[in-house]
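The values are calculated or read from the model by the stated rules, or taken from the named source; none is laboratory data. This is a predicted model, so every value here is computed, not measured. FYI the Cβ positions are ideal-geometry reconstructions off the backbone, even for glycines, and counts take in every protein chain you see. Ligands, DNA and RNA are stripped out before the accessible areas are found, and what is left, the full protein with its side chains, is counted by its heavy atoms. Shrake-Rupley method; radii C 1.70, N 1.55, O 1.52, S 1.80 Å.
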Amino acid sequence: QVQFVESGGGLVQPGGSLRLSCAASGFIFGTYTMYWYRQAPGRGRELVATITRAGDSTNYAPSVKGRFTISRDNAKNTVYLQMNNLKPEDAAVYYCTKAPFRSWGQGTQVTVSS
């Protein structure tokens, strides 16, 4: 079955960086656009970034554009999210997924605090 295992979260000070990873399995990874979402306490799930199958096109939420970079390695069935200049409002649980958005991993917690 489709599975996602996110990792790389943690506690970081404002202005710091983290690199999230998501290992995918159960489907042909290179044939799907991949997505990173996040969910903060008391808020709905928010789309953060997308990357097309070959990695040749990316899109970002306005709140993270210029600070976050999504990438993928189709040989490793893994999608990444490089997060720089982190802000307290970036704190959330981060998830990767694919359409039709039925399968979700456990997520990885990002905390931004001094």
Would you confirm, using the coordinates I've provided, whether N74 is open to solvent by 40 Å² or more (accessible area, probe 1.4 Å) and within 14 Å of the chain's Cα centre (by Cα)?
no
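Only residues that are open to solvent by 30 Å² or more (accessible area, probe 1.4 Å) and at pLDDT 95 or above: list them for the stretch 31-42, please.
Passing the criteria: T31, Y32, T33, Y35, Y37, Q39.
Only strands (runs of 3 or more DSSP E) wholly contained in the stretch 3-109 count here; list those with 2 or more residues that are touching a residue at least 24 places away in the same chain (Cβ under 8 Å).
Numbers: elements: 3-7, 10-12, 18-25, 34-39, 46-51, 58-60, 68-73, 78-83, 92-97.
Counting at least 2 such residues, we get 3-7, 10-12, 18-25, 34-39, 46-51, 68-73, 78-83, 92-97.
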Would you confirm whether or not the stretch 100-112 contains a residue that is more than 14 Å from the chain's Cα centre (by Cα) and under 20 Å from L11 (Cα atoms)?
yes
Sort out which residues of the stretch 43-59 are under 25 Å from S114 (Cβ atoms), open to solvent by 50 Å² or more (accessible area, probe 1.4 Å) and under 12 Å from the mean Cα position of the chain (by Cα), and write them in order of number.
E46
In the list T69, T50, T58, which residue meets the criterion of being closer than 21 Å to T111 by Cβ and among the β-branched types (V, I, T)?
T69
